[in-house]
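Notes to accompany the following structure.
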Amino acid sequence: MIKKFKLDHAYLGRIEKDKDLLKELTKIVKEKDIKTGTIKVIGAVQNAKIGFYDQAVRKYEYINIDSEMEIVSCIGNISNLDGKPFIHAHIVLADDNGKCFGGHLSEGTKVFASEFIIQPLIGNQLERKYDKKTDLKLW
Ligand code: ZN
């Protein structure tokens, strides 16, 4: 599946300390009424919850990291799931030795400081639908 979009203006901002990274990004996307787009975030978190999709079991396993980490990279996309804007984002985090951990960004990741760029895209809205081959809701 390939679709073509045009770039629109971008939103740059930051998420305040102690806020939940994914919840806040979702709030901004809803407030700005962004249907399709991309997201990039850098900064630092106080703790993190990241997911790993077990392909055999067809279920997300979650890893809780209870320490401060740098957000090396967090990228994601915005599409529509069950009539609502939905963010799918992955995050790479580094500890105080530069060792990295990464996975599917989940609620439960608390911000220390973060700067984001949200780039809305103009075109036909992306709609997530159940995919039998993976048991996931994909475009
Ligand atoms: Zn994912």
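Taking the conditions (1) at negative phi; (2) over 12 Å from the mean Cα position of the chain (by Cα); (3) in contact (Cβ under 8 Å) with a residue 12 or more places away in the chain in turn, I2 satisfies each one other than (3). Taking the criterion of being away from the ligand (no atom under 13 Å from the Cβ) and closer than 15 Å to E24 by Cα, the only residue of the range 50-83 that qualifies is I78.
Among residues of the range 120-139 being modelled with pLDDT of 95 or more and surrounded by 19 or more Cβ atoms within 10 Å (Cβ to Cβ), the one that is farthest from the ligand (Cβ to nearest atom) is P120.
Among the residues of the range 89-113 satisfying the criterion of being closer than 21 Å to G51 by Cα and exposed (fewer than 14 other Cβ atoms within 10 Å of the Cβ), which is farthest from the ligand (Cβ to nearest atom)? Ranking the candidates gives G98 first.
Which of (1) touching a Ser or Thr at 6+ places or on another chain (Cβ under 9 Å); (2) more than 18 Å from G13 (Cα to Cα) is the odd one out, the single condition G108 does not satisfy? Status for G108: all satisfied but (1).
Only residues that are under 20 Å from T36 (Cβ atoms) and hydrophobic (A, V, I, L, M, F, W, C) were counted across the range 88-119, and they come to 5. Within the range 54-78, residues that are in contact (Cβ under 8 Å) with a residue 40 or more places away in the chain have Cβ atoms under 6 Å from residues that are loosely packed, with under 15 Cβ neighbours inside 10 Å in these pairs: R58/D135; Y60/Y53; I71/I42, counting only partners at least 6 apart in sequence or on another chain.
From A56, A10, which residue is exposed (fewer than 14 other Cβ atoms within 10 Å of the Cβ) and in contact with a strand residue (DSSP E or B) (Cβ under 8 Å, 6 or more places away or on another chain)?
Working: A56 fails: in contact with a strand residue (DSSP E or B) (Cβ under 8 Å, 6 or more places away or on another chain).
When all the criteria are applied, what remains is A10.
In the set F116, F86, only one residue is under 21 Å from I15 (Cβ atoms), within 12 Å of the ligand (Cβ to nearest atom) and surrounded by 15 or more Cβ atoms within 10 Å (Cβ to Cβ); that residue is F86. Answer yes or no as to whether I118 is more than 14 Å from the chain's Cα centre (by Cα) and hydrophobic (A, V, I, L, M, F, W, C). The answer is no for I118. Answer yes or no as to whether G43 is farther than 24 Å from K129 by Cβ, among the small types (G, A, S), more than 16 Å from the ligand (Cβ to nearest atom) and modelled with pLDDT of 95 or more. Yes: the conditions hold for G43.
The values are calculated or read from the model by the stated rules, or taken from the named source; none is laboratory data. What you see is a predicted model, and the numbers here were worked out from it, not measured in a lab. Backbone-built Cβ (ideal geometry, glycine too); neighbour counts: all protein chains shown.
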